[in-house]
Amino acid sequence: MILGAFVAAAVAVAAAQSQARATDINIGWDGDQSGQSASSQAPIMHAIEAYFRMTNDAGGVDGHKLNLLERDDAYSATTELSVVKSLINDDHVPVIMGLGQAAGLSAVVPVLTQTQTVGFMTQATAKAATYPFQPWVFEGNCNLADQGDVALAFEMRHLKLKNLNGLKVGVASMNVASGTEWDQNISARIQALGGTPVHESLPVPLADAAAQVQDLISNKVAFVLLHHSMSGGIAFVKSADQYNLNVPIATSHGSAQPLLFSSTPYNANKNVVVVNCVSPPYLASDANGKLAQTIAQKYGYSAAEYGQSSWLLGWIGAQTIVQALKNAKGDYTGAGVKKGLEAIKNLDTGLSPNISYASNCHMGIRAARPFTYNYKTDQLVPIGRYQDWQSAITSAYAGPGTCGVARTKK
């Protein structure tokens, strides 16, 4: 009898373990691992790997292990669509993270909607993701419109300007979809304040910005609002130094790293501030925020990666998805994950403003702030608190009737 009971228990345990393995949760990742934006997207993927590994080491989500199915779209909109379809049809994932190719979003969104698969954008912030409201798309980053609002507000406060009457402002952006949106959003704000935008299109990749910088000088711009990648930001600032463009420069999150300052001449980078909605782990006030660095070190990732804002976006995105899976209470379908995300309220990441979603608001982070640089410590230094810059944000990417915006937008 005892032996029989023991055998039965052993069989039950083995069956339970087999069932747990059979019900591991597969999460899709679509991003650039080999193309022109791999340097900024790969750290996001690696941070998600690290957070999922930490979660699995602690027992997973209610006993279910997380598997990250990584696919490379090489920064091609066509390949991105193919990858998304494969992850849904072949791997049956409930959620796809990454989606860093903003130009391909218009083709991807209908697929996500038709198949009821959650798209969680960890970096790209295309307006089409939230305006009009897309029920199956969630933003994991502060969007470019909000970043631009804060960049413009900082420079106006810095220069003690109440309006831009009679002034020209440089708007320099990478010639991809996100750059077009940066230009359009900020140019509209500049014109509404009485100023004249001076448009500068920057290639991807960017070797130097000699022509654009010289044009900004000839137009006598009061300041420059820049959107490019890390390498593009470095090339632009180096050109600003070479041709003595001695005006304030504010950048989007793409260049928001100490490397921008340590790799460029002081004569130009002393004029630079960067805008972001994630804070480096050394600014974290609690153990929760410091985990992004300690876990990275534990699993052998390099400081060159975990020091990037891209790493933080991946870490925060993974933290958000894990919380959504816990909220789903066993329903790991797309619909279950969607409900789990919409149930998140004031998620404390320790590295960003608290994250909240709702059934009519999929913009989880709706705040940003500027950072300057400490040359002695090689660290970014925040300028004020997130809430100090909240009044500057116009929520231009929020669709009517979502995220606190009136149903009829003026």
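Odds and ends about this structure:
- Considering (1) in a loop (DSSP other than H, G, I, E, B); (2) within 26 Å of I355 (Cα to Cα), the lone condition that A74 does not fulfil carries the number (2).
- For the stretch 253-282, a residue qualifies if it is part of a helix (DSSP H, G or I) and either of a type in the set (S, T, Y) or not assigned by TED's automatic domain parsing to the domain that holds L202 (or both), and the qualifying residues are S255, S262, Y266, P281, Y282.
- Matching residues, the stretch 183-236, being assigned to a strand (DSSP E or B) and not polar (S, T, N, Q): P197, V198, H199, E200, L202, F223, V224, L225, L226, H227
- In the set (1) part of a helix (DSSP H, G or I); (2) within 17 Å of Q147 (Cβ to Cβ); (3) at pLDDT 95 or above; (4) among the small types (G, A, S), the condition left unmet by A250 is number (1).
- Residues of the stretch 82-104 classified as farther than 29 Å from N327 by Cα and either surrounded by 20 or more Cβ atoms within 10 Å (Cβ to Cβ) or in the same structural domain as G179 (by TED's automatic domain parsing) (or both), total: 1
- Selection within the stretch 88-103 - closer than 15 Å to G334 by Cα, out of contact with any Asp or Glu (no Cβ under 7 Å at 6 or more places or on another chain) and not in a loop (DSSP other than H, G, I, E, B): I88, N89, V95, M97
- Summed over the stretch 104-158, residues that are among the charged types (D, E, K, R) and assigned to a strand (DSSP E or B) total 1.
- All of (1) among the hydroxyl-bearing types (S, T, Y); (2) touching a residue at least 24 places away in the same chain (Cβ under 8 Å); (3) under 30 Å from I355 (Cβ atoms) hold for Y266 with one exception: (3).
- Lone qualifier among V224, V213, V237 - being within 26 Å of Q41 (Cα to Cα), free of Cβ contacts under 8 Å to residues at least 40 places away in the same chain, in contact with a Leu (Cβ under 7 Å, 6 or more places away or on another chain) and buried (at least 21 other Cβ atoms within 10 Å of the Cβ): V237
- Count - residues of the stretch 106-127 that are surrounded by fewer than 24 Cβ atoms within 10 Å (Cβ to Cβ), over 20 Å from L68 (Cβ atoms) and touching a residue at least 40 places away in the same chain (Cβ under 8 Å): 2
- Within the stretch 285-324, the residues that satisfy the criterion of being aliphatic (A, V, I, L, M) and within 22 Å of S255 (Cβ to Cβ) are A292, A296, A303, A304, L312, L313, I316.
- Of all residues in the stretch 370-409, those being modelled with pLDDT of 95 or more, among the charged types (D, E, K, R), in a loop (DSSP other than H, G, I, E, B) and within 18 Å of D146 (Cα to Cα) number 1.
- Within the stretch 177-192, residues that are under 11 Å from K127 (Cβ atoms) sit with their Cβ atoms under 8 Å from residues that are outside any helix (DSSP H, G or I) and not small (G, A, S), at 6+ positions apart or across chains, in these pairs: S178/T125; S178/H227; W182/V171; W182/L225; W182/H227.
- Here N374 meets the list (1) surrounded by 15 or more Cβ atoms within 10 Å (Cβ to Cβ); (2) more than 17 Å from K127 (Cα to Cα) almost entirely, failing just condition (1).
- From L325, L380, residue being crowded, with 18+ Cβ neighbours inside 10 Å and either touching a Ser or Thr at 6+ places or on another chain (Cβ under 8 Å) or of a type in the set (S, T, Y) (or both): L380
- Beta carbons closer than 9 Å, at least 6 apart along the sequence or on distinct chains, pair a first residue in the stretch 269-295 that is touching a residue at least 60 places away in the same chain (Cβ under 8 Å) and farther than 21 Å from I48 by Cα with a second that is small (G, A, S) and assigned to a loop (DSSP other than H, G, I, E, B) for N269/S263; V274/S252; V274/A256; V275/S252; V275/A256; V275/A368; S285/G350.
- F133, sole failed condition from (1) aromatic (F, W, Y); (2) surrounded by fewer than 20 Cβ atoms within 10 Å (Cβ to Cβ); (3) within 19 Å of P197 (Cβ to Cβ): (3)
The values are calculated or read from the model by the stated rules, or taken from the named source; none is laboratory data. Owing to the predicted nature of the structure, the values given are computational and were not obtained by experimental measurement. Backbone-built Cβ (ideal geometry, glycine too); neighbour counts: all protein chains shown.
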